[in-house]
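**Student:** Can you read through this structure? Questions will come right after.
The values are calculated or read from the model by the stated rules, or taken from the named source; none is laboratory data. It should be emphasised that the depicted structure is a prediction, and the values quoted were computed from it without experimental measurement. Cβ atoms come from the backbone with ideal geometry, glycine included; neighbour counts cover every protein chain shown. Heads up: the accessible areas ignore ligands, DNA and RNA and are worked out on the full protein's heavy atoms, side chains in. Shrake-Rupley method; radii C 1.70, N 1.55, O 1.52, S 1.80 Å.
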Amino acid sequence: MTVVAFDFDGTLSDSEMTVLLGDRCGVADDMAEITERSMNNEIDYAESLRKRAALLEGLPEDEVTAAFEKVALREGAADLIDELNDAGVTTAILTGGFERGVAAALERENTTVDHIVSNELPLNGSETALTGDVDGPLIEGTKDDALEDLVNDIGTTLSDSVAIGDGANDLPMLEVAGLSIGFDPKPAVEPHCEVVVTTMDEAREVLVTEGVLANK
């Protein structure tokens, strides 16, 4: 396997970016309810994301920055990414979440990935507050297409890829990847995963078993 593609919220991070943003304007409970319904495949992902973004309309830019500063990688995630990078494996984050939050979390842990495909929350013309809209390739677009584009770009195939995710919007990439790893997956997702893990150490063990990483 030469490509490992991670989901972010719920997988590399136990943060949920829209909930952190919602905390800043008093709509976190509404955000969490919409997110949970989406991750369980009860409502369409694009619809859920637009509903959550609309709840954030008017949130000041400094509050947005403060929320993204709280986005954190879960224990062991940075170490796993670094080990994959050192082994020459192409690493990617495919997330319906937001690039600024992903970038902040990676920078804080002094780690990087080769590719990030994500969405963003636009600011109004004066760049002082969120518009309530959301832009990006992973609203209507799906992660199977993003993964296929990635492997084509680097000259490999889907069969040579690993996808790691937890929610319903990860299903498309989990279903097409050469190896699908569910990270504490939602009930609707687990049946579609070849392997299920609950920690980054367990994910590493799977990657060692599959020959993606060498055993130490």
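**Student:** Where the second residue is in a loop (DSSP other than H, G, I, E, B) and the first is open to solvent by 50 Å² or more (accessible area, probe 1.4 Å) and lies in the stretch 198-216, which pairs have Cβ atoms under 6 Å and are six or more apart or on separate chains?
**Tutor:** T198/D184; D201/G76
Listed here are the residues, each with its yes/no results for (1) at pLDDT below 95; (2) over 26 Å from V4 (Cα atoms); (3) part of a helix (DSSP H, G or I).
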{"site": "G125", "(1), (2), (3)": "yes, yes, no"}
{"site": "G132", "(1), (2), (3)": "no, yes, no"}
{"site": "E140", "(1), (2), (3)": "yes, no, no"}
{"site": "D144", "(1), (2), (3)": "no, no, yes"}
{"site": "E148", "(1), (2), (3)": "no, no, yes"}
{"site": "V151", "(1), (2), (3)": "no, no, yes"}
{"site": "S159", "(1), (2), (3)": "no, no, yes"}
{"site": "V162", "(1), (2), (3)": "no, no, no"}
{"site": "N169", "(1), (2), (3)": "yes, no, yes"}
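**Student:** Could you look through the stretch 171-185, keep only residues that are surrounded by fewer than 23 Cβ atoms within 10 Å (Cβ to Cβ) and under 19 Å from V3 (Cβ atoms), and pick out the one that is nearest to the chain's Cα centre (by Cα)?
**Tutor:** The extreme case among them is P172.
**Student:** Scan the stretch 157-170 residue by residue and report those that are surrounded by 22 or more Cβ atoms within 10 Å (Cβ to Cβ) and more than 18 Å from T209 (Cβ to Cβ).
**Tutor:** Result: G165, D166, G167, A168, N169, D170.
**Student:** Just one of A104, A177 is touching a helix residue (DSSP H, G or I) at 6+ places or on another chain (Cβ under 6 Å) and among the small types (G, A, S); which is it?
**Tutor:** Going through A104, A177 in turn, the sole match is A104.
**Student:** Find the residue count for the stretch 109-126, including only residues that are within 12 Å of T95 (Cβ to Cβ) and either charged (D, E, K, R) or open to solvent by 50 Å² or more (accessible area, probe 1.4 Å) (or both).
**Tutor:** Total satisfying the criteria: 3.
Residues are listed down the side, and each one gets a yes or a no for (1) under 18 Å from the mean Cα position of the chain (by Cα); (2) modelled with pLDDT under 95:
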site	(1), (2)
M1	no, yes
V4	yes, no
D7	yes, no
S13	yes, no
E16	yes, yes
A28	no, yes
E36	yes, yes
D44	yes, yes
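**Student:** Also: Can you tell which of A129, A146, A188 is under 18 Å from A46 (Cβ atoms), surrounded by fewer than 23 Cβ atoms within 10 Å (Cβ to Cβ), touching a strand residue (DSSP E or B) at 6+ places or on another chain (Cβ under 8 Å) and not β-branched (V, I, T)?
**Tutor:** After ruling out the rest, the residue left standing is A146.
**Student:** Search the stretch 45-97 for residues being in contact (Cβ under 8 Å) with a residue 24 or more places away in the chain and among the basic types (K, R), and hand back the single one that is least open to solvent (accessible area, probe 1.4 Å).
**Tutor:** Looking at residues that are in contact (Cβ under 8 Å) with a residue 24 or more places away in the chain and among the basic types (K, R), I get R52.
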